[in-house]
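S.K.: Quick one: this structure, given as structure tokens, is what I'll be asking you about.
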Ligand code: GLN
């Protein structure tokens, strides 16, 4: 099984390491052609507007929309924003894959980043969530399963083959969320 990590910007090598530790083969993706033999994809954290611009410039935008038609995708932080169907204050989505409504930089300027202990449904308890200028999910559609909340805000969810979280699971040694995604990819094959 081979899972790609979109490598236009952001925390790429950490995701590759976590995926390999979770039993998958993993590789960085910079060009559309590299999507061809992949069974799943991670959209990492970074800056969603920058990643979108780079997607448009490289032609990856259209390839990613096609890839998403039958392959699992796991978006973390900025990746979550890229997957959302609705982004507060923005006219239209980026990839628009998940029936969620998100708010960017949602935890305020005062607290740029913080850690919180999370209990994640189907994944496990006491997960160390690292939030960096993180978004949260304001609301989800009926087909979306909420997996974790922090301070009454939704910070992880799943809709079929799409998984997402507002924090950075690749920055701790805990690979449980990556393992859960590898399981989704396995199911989908
Ligand atoms: N604030 C970033 C954005 O809006 C996301 C931050 C992150 O990925 N750590 O895209």
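Every number here is computed from the coordinates shown, using simple stated rules; none is lab data. Worth saying up front: this structure is predicted, and the values here are computed from it rather than measured. No Cβ is skipped: glycine too gets one built from the backbone with ideal geometry, and neighbour counts run over all protein chains shown.
S.K.: Please go through (1) under 22 Å from residue 188 (Cα atoms); (2) without any contact (Cβ under 8 Å) to a residue 12 or more places away in the chain for residue 76 and return the number of the only condition it doesn't satisfy.
M.R.: (2)
S.K.: Further question on the same structure: Check whether at least one residue in region 87-108 is surrounded by 17 or more Cβ atoms within 10 Å (Cβ to Cβ) and part of a helix (DSSP H, G or I), and report yes or no.
M.R.: no
Table: residues versus (1) touching a strand residue (DSSP E or B) at 6+ places or on another chain (Cβ under 6 Å); (2) within 13 Å of the ligand (Cβ to nearest atom); (3) free of Cβ contacts under 8 Å to residues at least 60 places away in the same chain.
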position	(1), (2), (3)
11	no, yes, no
23	no, no, no
33	no, no, yes
91	no, no, yes
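S.K.: Any idea which residue in region 49-86 is surrounded by the most Cβ atoms within 10 Å (Cβ to Cβ), counting only those that are within 18 Å of residue 139 (Cα to Cα) and more than 9 Å from the ligand (Cβ to nearest atom)?
M.R.: 84
S.K.: If you don't mind, there's one more thing I want to ask. Between 3, 16, which is more than 16 Å from the ligand (Cβ to nearest atom), in contact (Cβ under 8 Å) with a residue 60 or more places away in the chain and under 15 Å from the mean Cα position of the chain (by Cα)?
M.R.: Answer to the check: 3.
S.K.: Further question: Which of the residues spanning region 115-168 are in contact (Cβ under 8 Å) with a residue 40 or more places away in the chain, on the phi > 0 side of the Ramachandran plot and part of a strand (DSSP E or B)?
M.R.: 124, the sole residue that qualifies.
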